[in-house]
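Have a look at the structure below, then the notes.
Laboratory data are not the source of any read-out in this text; all were calculated from the coordinates shown. All figures in this text were calculated on a predicted structure; none of them were measured in a lab. Glycine gets a Cβ as well: all are built from the backbone with ideal geometry, and neighbour counts include every protein chain shown.
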Amino acid sequence: MSEPQIKIRMRDVHKRFGAKVVLDGFDLDVRAGESLVVIGGSGVGKSVMLKCILGILSPDSGSITVDGIEVAGAGSTEHEAVNAKIGMLFQGAALFDSMTVVENVAFSVTARHNVGRRAAREIALQKLAMVGLKPDVAERYPSELSGGMKKRAGLARAIAADPEILFFDEPTTGLDPLMGDIINDLIVHCVEETGATALTITHDMHSARKIADRIAMIYNGKIIWIGNVDEIDRAADPYLDQFIHGRTEGPIKMAVRR
Ligand SMILES: Nc1ncnc2c1ncn2[C@@H]1O[C@H](COP(=O)(O)OP(=O)(O)O)[C@@H](O)[C@H]1O
Ligand SMILES: [Mg+2]
């Protein structure tokens with residue numbers, strides 16, 4: 001069997017803030033075309049991991065490559081080239097309040113591709129249709145949308161420029177379970193339609209099971225378990241077992257606020 005092609009490779013990545021060690025020899029491979037979901041409790045470093053790939057944060061040491069290009073410690077030219085391949089759905093959708101929904105999505109198209117305004121608008125309307133938003137919603141401002149609609153618009157913006165890689169940061173957080181599931185289904189649909197490599201971070205196990213081909217669990221600054229989604233219930237790892245069943249008793253020490 002041939003080795004799967006690796007889209008994102010992280011090796012021995014360290015990141016700390018003062019005395020707080022967040023990533024501590026972190027290794028991860030994201031295979032081309034897969035949907036990988038990184039799970040873990042709040043504050044374990046999921047967002048820090050994504051920010052290190054995007055160059056929003058700079059790791060203290062280690063290697064992060066995207067399509068073989070080193071981004072750890074790279075300059076803005078490398079980051080821009082790599083980030084142009086990545087579409088991202090932010091936790092709060094992060095739409096521009098002063099632009100309508102269709103303008104938000106079209107902005108992403110023109111930022112990446114050399115197309116005129118009219119063509120960008122047409123593409124934006126197609127992407128909005130793909131996530132179930134009709135043209136009348138497209139003319140609204142973000143403040144006029146429900147939480148679920150904002151997520152849909154954020155998703156349309158993430159896929160707007162046909163990125164090779166999609167990042168989803170806590171895609172279901174803040175949504176009711178029904179809307180969360182609609183977003184899960186849309187993510188699966190968009191990943192299938194675009195053929196993109198998807199990296200999601202979440203603490204929502206239901207969402208992880210739905211979106212993932214493979215699941216990886218982060219704890220104490222490292223990936224402690226990784227496997228196919230259908231292996232997760234047979235896995236004997238006590239940390240994973242505690243997390244997926246939401247047990248208070250187990251090896252995971254809950255951070256207690258003082
Ligand atoms: N810019 C920062 N400065 C200082 N501490 C940070 C910064 N970003 C994240 N942290 C800390 O790093 C840890 C991991 O954060 P984060 O990756 O956001 O967690 P999560 O897994 O919930 O996404 C937390 O303890 C957080 O307080
Ligand atoms: Mg986070």
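Is there a residue being more than 22 Å from residue 124 (Cα to Cα) and within 16 Å of ligand 2 (Cβ to nearest atom) anywhere in the range 56-67?
Yes, some residue in the range 56-67 is more than 22 Å from residue 124 (Cα to Cα) and within 16 Å of ligand 2 (Cβ to nearest atom).
Does the range 21-36 contain at least one residue that is of a type outside the set (Lys, Arg), outside any loop (DSSP other than H, G, I, E, B) and within 14 Å of ligand 2 (Cβ to nearest atom)?
Checked the range 21-36: at least one residue is of a type outside the set (Lys, Arg), outside any loop (DSSP other than H, G, I, E, B) and within 14 Å of ligand 2 (Cβ to nearest atom).
In the list 174, 154, 180, which residue meets the criterion of being closer than 24 Å to residue 215 by Cα, part of a loop (DSSP other than H, G, I, E, B) and of a type outside the set (A, V, I, L, M, F, W, C)? Step through it out loud before you land on a result.
Numbers: 154 fails: part of a loop (DSSP other than H, G, I, E, B); 180 fails: part of a loop (DSSP other than H, G, I, E, B).
When all the criteria are applied, what remains is 174.
Would you check if there is a residue in the range 10-23 being closer than 17 Å to residue 168 by Cα and out of contact with any helix residue (DSSP H, G or I) (no Cβ under 9 Å at 6 or more places or on another chain)?
Step one: list which residues in the range 10-23 are closer than 17 Å to residue 168 by Cα, which gives none.
Among the residues of the range 10-23, not one is closer than 17 Å to residue 168 by Cα and out of contact with any helix residue (DSSP H, G or I) (no Cβ under 9 Å at 6 or more places or on another chain), which makes the answer no.
Within the range 41-56, count every residue that is outside any helix (DSSP H, G or I), more than 6 Å from ligand 1 (Cβ to nearest atom) and either under 24 Å from residue 240 (Cα atoms) or in contact with a strand residue (DSSP E or B) (Cβ under 6 Å, 6 or more places away or on another chain) (or both).
Counting residues in the range 41-56 that are outside any helix (DSSP H, G or I), more than 6 Å from ligand 1 (Cβ to nearest atom) and either under 24 Å from residue 240 (Cα atoms) or in contact with a strand residue (DSSP E or B) (Cβ under 6 Å, 6 or more places away or on another chain) (or both) gives 1.
Residue by residue through the range 68-118, note down the ones that are loosely packed, with under 14 Cβ neighbours inside 10 Å and part of a helix (DSSP H, G or I).
76, 77, 80, 111, 117, 118
Which of the residues belonging to the range 166-184 are within 16 Å of the chain's Cα centre (by Cα) and more than 16 Å from ligand 1 (Cβ to nearest atom)?
166, 180, 183, 184
Does residue 136 meet the test of being surrounded by fewer than 19 Cβ atoms within 10 Å (Cβ to Cβ) and of a type in the set (D, E, K, R)?
yes
If you take the residues of the range 24-62 that are of a type in the set (Gly, Ala, Ser), touching a helix residue (DSSP H, G or I) at 6+ places or on another chain (Cβ under 9 Å) and within 17 Å of residue 74 (Cα to Cα), which of them is surrounded by the fewest Cβ atoms within 10 Å (Cβ to Cβ)?
Residue satisfying both the conditions and the ranking: 58.
Sort out which residues of the range 185-202 are closer than 30 Å to residue 247 by Cα and under 12 Å from the mean Cα position of the chain (by Cα), and write them in order of number.
Scanning the range 185-202 gives 187, 198, 199, 200, 201, 202.
Does the range 211-222 contain at least one residue that is of a type in the set (Asp, Glu), within 15 Å of residue 38 (Cβ to Cβ) and either surrounded by fewer than 16 Cβ atoms within 10 Å (Cβ to Cβ) or away from ligand 1 (no atom under 16 Å from the Cβ) (or both)?
Within the range 211-222, one or more residues are of a type in the set (Asp, Glu), within 15 Å of residue 38 (Cβ to Cβ) and either surrounded by fewer than 16 Cβ atoms within 10 Å (Cβ to Cβ) or away from ligand 1 (no atom under 16 Å from the Cβ) (or both).
For every residue, the table says whether it meets (1) within 16 Å of ligand 1 (Cβ to nearest atom); (2) under 25 Å from residue 153 (Cβ atoms).
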site: 23; (1), (2): yes, no
site: 71; (1), (2): no, no
site: 80; (1), (2): no, yes
site: 89; (1), (2): yes, yes
site: 107; (1), (2): no, yes
site: 112; (1), (2): no, yes
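Scan the range 207-238 residue by residue and report those that are of a type in the set (Asp, Glu) and part of a loop (DSSP other than H, G, I, E, B).
Scanning the range 207-238 gives 213, 233, 237.
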